[in-house]
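Input: a single structure, listed below in structure tokens.
The values are calculated or read from the model by the stated rules, or taken from the named source; none is laboratory data. None of these values were measured; they are calculated from a predicted model. We place every Cβ from the backbone using ideal geometry, glycine too, and count neighbours over all the protein chains shown.
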Amino acid sequence: MEILKCEGVRKVYGFGGNQVTALDGIDLSVNRGEFVAILGASGSGKSTLLHILGSVDKPTGGKVIIDGTDLSKLNQTQAAIFRRRKVGLVYQFYNLIPTLTVRKNILMPLSLDKKTPNQEYFEKVVESLGIADKLDAMPNQLSGGQQQRVSIARSLIYRPALLLADEPTGNLDQKNSREVIDMLKLSNRNLEQTILLITHDEKIALEAERIITMEDGRIIGDERRR
Amino acid sequence: MWKEYSSNYIKNNRSSSLSVIIASFISALLLSLLCGSFYNLWKYEVERIELEEGGWHSRILGELPSKDLETIKSFANVEDAVVNEKGQKGTGPTVDIFFNDKKAVFSDTLHIAEQLGIPQEKIVYNYELLAMYLIRDASDTAPRLLFLLFLLITLAASFSLIVIIHNSFAVSMNQRIHQFGIFSSIGATPKQIRTCLLQEAAALCAGPVLVGNLLGIAGSAGVIHLSNRMLGSGIAGRHKASFGYSPVVLALTLLVIIVTIGISAWLPARRLSKLTPLEAIKNTGELQLRHKKSSRLLSLLFGIEGELAGNALKAQKKALRTASLSLLASFLGFSLMQCFFSLSQISTRETYFERYQDVWDIMTTVKDTDVDNFTETAAVQALEGIKSAVIYQKASAKRIIAEEEMSEEMKSFGGFAQAPADYASQTEGGWLVNAPIVIMDDQSFSAYCEQIGIIPRLDGAVILNQIRDVTNPDFRHPVFVPYIKAPDVGENAVSVLRQSGSNEETAEIFVLSYTQEVPALREEYATLDYYELVHFIPVSLWKKIKGQIGGTEADSYICVRGREGVTLEELHTIQGKIAQLVDGKYTIEQENRIQEYELNNRQIQGMMAVFGAFCILLAIIGIGNVFSNTLGFVRQRKREFARYMSIGLTPEELKKMFCAEAAVVAGRPILISLPIVVAAVGFMLKASYMEAGVFMAKAPYIPILLFMLAILASAALAYYLAWRNVQKIRLAEVLKDDTML
């Protein structure tokens, strides 16, 4: 079942002679439960694509449909609610809220909707990510790897249609990188979570079941590995 | 290169530069206004003391041979020594000494006295004047806090203004740590960075500081002009304030601002020198909380947005400290001032104007004149347009009250048991108490006799036979009882008055009547000394006994009543006629009831304006701080807001968070102040024996409410402007920007 569909997505920055085309006619389809890696060098447009899929940026042209929602038609408020409910974003630099505890950081998307968490699911997520004993800590009391796990837990708490991870291991050492990738794979397998992982590291990309390669704002390869 | 970089930065970061420019302008303006006004207040006080007491620093009582005067003049630190023929009251001529170095006045005067063999008792210091130069002596026990109070207020306000400039710079400079980290990583030395920051500070602040200073000076001239207009010459003895400005004040104000700006610009450079370039590059200046905090009330009121706001405020605690303290002090000060002056106005109206409404219209003080030497009594009383004119003088005397003379009512509250020794002392014959004498012109005394229902006579006294129940401390509703038991008035009724300070000299005077009714004079009796027994006597009798009693005050008074419903213009006309009558013969000072009422109101308004301006200044400091914070935090907290938005916080929810922050910033000082104000008003009402209902009917709700709304509205505006700037944030760019780690 198709959960993500991009048709001729274009993104152009700047005006007149200073125009830079970051995305140039991206066509892409991802099914529910897939673990997709988008591989590309710096400047290939992969982060721009992720921002558009995460509704933090708007395409200059084309169409993006996630779980039946056309992102180009959303206003600011609708886009925020979409981000809250439909996508989970994991960044290289975690983006945790430094003034809230780990527990509150994880529950933030639910709190914004004034929803109480499903305790069973919450415990399953934090235990599988190995942060159950860190729930009352502040983000700055955690290591980079632990912060990234909190960030993943937060992105999973709303059971989003799509989990978007932008170089999630880029700031971590090898051991922590391995663990984070394992966590993502685990959530993909156990929770049937659709994941779109952006990386420039081929070794990391090889962990995914499908690898899409980008160059100069275009998709130049789409390989299904399993 | 630095010059180019700085000018580019200033051009491209207008909002950040603007907040520094505004902060330095407002601070320079207010600091200059404050220092200029303070200097003029100080100058006015010094002039007043010099006019009233003289500009001498120390004084030797009595006459000195010219040889000794020359010896004094030859002392190194003595600027001048002059013989003052008028001297002090009752001491005759004096030698007034002026010193070059005022600090040495005490030691040098003693040295002079030693050399000339003058006893220490003959030396007097101008303590009031010296205190204005912060020169004090242990032997002067008077508090003399005026100058110190001026100084403390100025220092407190100056410090707050310095903190504003510093905060505004700190916010702007902290944003630069990252950029300077990059410079540092490519080899810029801390000195080069410091130079760059100082150049930038100079470029941004030179103009605003100069203009602010000049406008501040003009403002202080305006304050002096306004105070002259408001108070004018209405207060008897008040001299007109003339505006003055000392280059020292200008230099000091400029120095304080320049040093503050210098330190504020230098601090980030120092901070930078302690960081490695990598740490500096990674610096975000982002709000952090080290420990878990909860904002239960805000969460309850505003939900998760309230919690985010509460935690953000806790993380900004240090930056918002000036704002919190200034707003708290201003609202508390303003509310207390309003309540205090309302209470004081009600009290003055009830105890003064309403009580004395019908007893006087014009009061003329005839300086250094005894009532028996005043020759214009008949002429004044014959003036057209007046209902009555009483010419009187006060004198002090003593009288013994024997045990058997005391009334039963007085005995019931313990007689003289509670009387302080200064007011009543026990002697063999009974209790020696003060017996103030009011010497009235004969015609007025006769009228008074008729008023109390006795046959007018000019050879006796009427005694005010009442004493306040001292066990009842409610001065607003005092209970009076008879002082003397069943007064026996007849040919043999006498009162033996004794000279104050000498029990030997006595005068026996005939008592016409004991009464509880007083003549219509603007006088209060037994207010401090409840045990005094007031005697009203005619001037004819005084002429006979003054040799034995003496003790008159220096001045005499003319208490004039006009017709019913007399107008201010009519009173001015009468005042003019009285002045004409005594012109050239006597020195007088005049007051009239309507003018005094208006003046009292103007004085209260003036005091409220000065104090209110100080509170407004504090509020401006607080609000200025809120503005400098909110305008600066958009950049500082960009990443934080982007993070909220990236996980789904809608613009409306962000707005709600801002509302919660604004409500706390402006609301907390108000909520803290209100119970303190209520408690303080409760205490004031209790101490002044005023009924709560009377105060509540006249309580200053509107000014307090307006002040409260002004604080709330200003904080709301600051956050609204910040909100508008936050809306301009491009989420994708912030999240992409790795420099904002």
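Counting only residues that are closer than 29 Å to residue B:522 by Cα and either over 39 Å from the mean Cα position of the chain (by Cα) or not assigned by TED's automatic domain parsing to the domain that holds residue B:472 (or both), how many does region B:398-412 have?
Residues that pass the stated criteria total 7.
Name the residue, out of A:107, A:112, that is in contact with a helix residue (DSSP H, G or I) (Cβ under 9 Å, 6 or more places away or on another chain), more than 23 Å from residue A:47 (Cβ to Cβ) and either within 7 Å of another protein chain (Cβ to nearest Cβ) or acidic (Asp, Glu) (or both). Quick ask: steps written out before the conclusion?
Details: A:107 fails: either within 7 Å of another protein chain (Cβ to nearest Cβ) or acidic (Asp, Glu) (or both).
Exactly one residue qualifies, and that residue is A:112.
Within region B:535-548, is there a residue that is at pLDDT 90 or above and touching a Pro at 6+ places or on another chain (Cβ under 8 Å)?
Among the residues of region B:535-548, at least one is at pLDDT 90 or above and touching a Pro at 6+ places or on another chain (Cβ under 8 Å), which makes the answer yes.
Residue B:169 - would you say it is farther than 30 Å from residue B:99 by Cβ, modelled with pLDDT of 70 or more, crowded, with 19+ Cβ neighbours inside 10 Å and of a type in the set (Phe, Trp, Tyr)? Break it down into steps so the answer makes sense when it comes.
Details: farther than 30 Å from residue B:99 by Cβ: yes; modelled with pLDDT of 70 or more: no; crowded, with 19+ Cβ neighbours inside 10 Å: yes; of a type in the set (Phe, Trp, Tyr): yes.
The answer is no for residue B:169.
Quick one: which residue in B:421, B:435, B:382 is hydrophobic (A, V, I, L, M, F, W, C) and crowded, with 16+ Cβ neighbours inside 10 Å?
Matching residue, one of B:421, B:435, B:382: B:435.
Looking at (1) facing chain B (nearest Cβ under 9 Å); (2) more than 26 Å from residue A:33 (Cβ to Cβ); (3) in contact (Cβ under 8 Å) with a residue 40 or more places away in the chain; (4) among the polar types (S, T, N, Q), which is the only condition residue A:92 fails?
(2)
Looking at region B:409-435, I want the residues that are polar (S, T, N, Q) and have a partner that is surrounded by 14 or more Cβ atoms within 10 Å (Cβ to Cβ) with Cβ atoms under 6 Å, at least 6 apart or on another chain. Which pairs are those?
As it stands, the answer is B:418/B:470; B:425/B:432; B:434/B:529; B:434/B:532, since those pairs meet every condition given.
Residue-wise test of (1) at pLDDT below 85; (2) over 30 Å from residue B:34 (Cβ atoms); (3) out of contact with any helix residue (DSSP H, G or I) (no Cβ under 8 Å at 6 or more places or on another chain); (4) within 14 Å of chain A (Cβ to nearest Cβ).
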| site | (1), (2), (3), (4) |
| --- | --- |
| B:258 | yes, no, no, no |
| B:265 | yes, no, no, no |
| B:276 | yes, yes, yes, no |
| B:285 | yes, yes, no, yes |
| B:289 | yes, yes, no, yes |
| B:298 | yes, yes, no, yes |
| B:310 | no, yes, no, yes |
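Please state which one of A:77, A:101 is buried (at least 22 other Cβ atoms within 10 Å of the Cβ) and at the interface with chain B (Cβ under 7 Å from one of its Cβ atoms).
Every option except A:101 fails the conditions.
Give the number of residues within region A:57-89 that are of a type outside the set (Asp, Glu) and farther than 16 Å from residue B:645 by Cβ.
Residues meeting the conditions: 12.
Do we find that residue A:18 is within 25 Å of residue A:160 (Cβ to Cβ), at pLDDT below 90 and either over 18 Å from the mean Cα position of the chain (by Cα) or within 12 Å of another protein chain (Cβ to nearest Cβ) (or both) in this structure?
In short, no.
Find the helices (runs of 4 or more DSSP H) located wholly in region A:39-113 whose residues include 2 or more that are more than 26 Å from residue A:29 (Cβ to Cβ), and list them.
A:76-86, A:102-112
Tell me, which strands (runs of 3 or more DSSP E) lie completely within region A:139-226 with 3 or more residues that are surrounded by fewer than 19 Cβ atoms within 10 Å (Cβ to Cβ)?
The qualifying strands (runs of 3 or more DSSP E) are A:218-224.
Of B:389, B:395, which residue is more than 29 Å from residue B:475 (Cβ to Cβ), surrounded by 15 or more Cβ atoms within 10 Å (Cβ to Cβ) and either outside the structural domain of residue B:627 (by TED's automatic domain parsing) or in contact (Cβ under 8 Å) with a residue 24 or more places away in the chain (or both)?
B:389
Here's the yes/no breakdown for (1) more than 29 Å from residue A:68 (Cα to Cα); (2) within 10 Å of chain B (Cβ to nearest Cβ):
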position	(1), (2)
A:139	yes, yes
A:154	no, yes
A:164	no, no
A:171	yes, yes
A:189	no, no
A:202	yes, no
A:208	no, no
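Looking only at residues that are more than 29 Å from residue B:40 (Cβ to Cβ), outside any loop (DSSP other than H, G, I, E, B) and not β-branched (Val, Ile, Thr) in region B:117-147, which one is modelled with the lowest pLDDT?
Step by step, filter region B:117-147, then rank; the result is B:121.
Can you pull out every residue in region A:1-30 that is hydrophobic (A, V, I, L, M, F, W, C) and touching a residue at least 24 places away in the same chain (Cβ under 8 Å)? Show your work before the answer.
First, pick out the residues of region A:1-30 that are hydrophobic (A, V, I, L, M, F, W, C): A:1, A:3-4, A:6, A:9, A:12, A:15, A:20, A:22-23, A:26, A:28, A:30.
Once the filter is applied, which keeps residues that are hydrophobic (A, V, I, L, M, F, W, C) and touching a residue at least 24 places away in the same chain (Cβ under 8 Å), region A:1-30 yields A:1, A:3, A:4, A:6, A:9, A:12, A:22, A:23, A:26, A:28, A:30.
So which residues in region B:545-588 are more than 16 Å from residue B:364 (Cβ to Cβ) and of a type in the set (D, E, K, R)? Before you say what the answer is, go through the steps one by one.
First pass over region B:545-588, keeping only residues more than 16 Å from residue B:364 (Cβ to Cβ): B:545-552, B:563-565, B:567-569.
Those that are more than 16 Å from residue B:364 (Cβ to Cβ) and of a type in the set (D, E, K, R): B:546, B:563, B:564, B:569.
Can you name the condition, by its number, that residue B:705 falls short on among (1) more than 14 Å from chain A (Cβ to nearest Cβ); (2) touching a residue at least 24 places away in the same chain (Cβ under 8 Å)?
(2)
Answer yes or no: is there a residue in region B:328-342 that is more than 12 Å from chain A (Cβ to nearest Cβ) and farther than 20 Å from residue B:706 by Cβ.
Scanning region B:328-342 turns up no residue that is more than 12 Å from chain A (Cβ to nearest Cβ) and farther than 20 Å from residue B:706 by Cβ.
Could you tell me which residue of region B:650-659 is farthest from the chain's Cα centre (by Cα), considering only residues that are facing chain A (nearest Cβ under 7 Å) and more than 16 Å from residue B:732 (Cβ to Cβ)?
Keep residues of region B:650-659 that are facing chain A (nearest Cβ under 7 Å), which gives B:650-653.
From what is left, the residues that are more than 16 Å from residue B:732 (Cβ to Cβ) are B:650, B:652-653.
Values: B:650: 51, B:652: 47, B:653: 47 Å.
Only one residue tops the list, namely B:650.
With (1) more than 31 Å from the chain's Cα centre (by Cα); (2) modelled with pLDDT of 85 or more; (3) under 23 Å from residue B:395 (Cα atoms) as the list, and residue B:574 as the residue in question, which single condition is left unmet?
(3)
For region B:217-232, state whether one or more residues are assigned to a loop (DSSP other than H, G, I, E, B), under 35 Å from the mean Cα position of the chain (by Cα), closer than 30 Å to residue B:588 by Cα and modelled with pLDDT under 80.
yes
Could you list, in sequence order, the residues of region B:507-553 that are of a type outside the set (A, V, I, L, M, F, W, C) and assigned to a strand (DSSP E or B)?
B:508, B:513, B:514, B:515, B:535, B:538, B:552, B:553
All but one of (1) in contact (Cβ under 8 Å) with a residue 24 or more places away in the chain; (2) surrounded by fewer than 24 Cβ atoms within 10 Å (Cβ to Cβ); (3) touching a Ser or Thr at 6+ places or on another chain (Cβ under 8 Å); (4) on the phi < 0 side of the Ramachandran plot hold for residue A:33; which doesn't?
(4)
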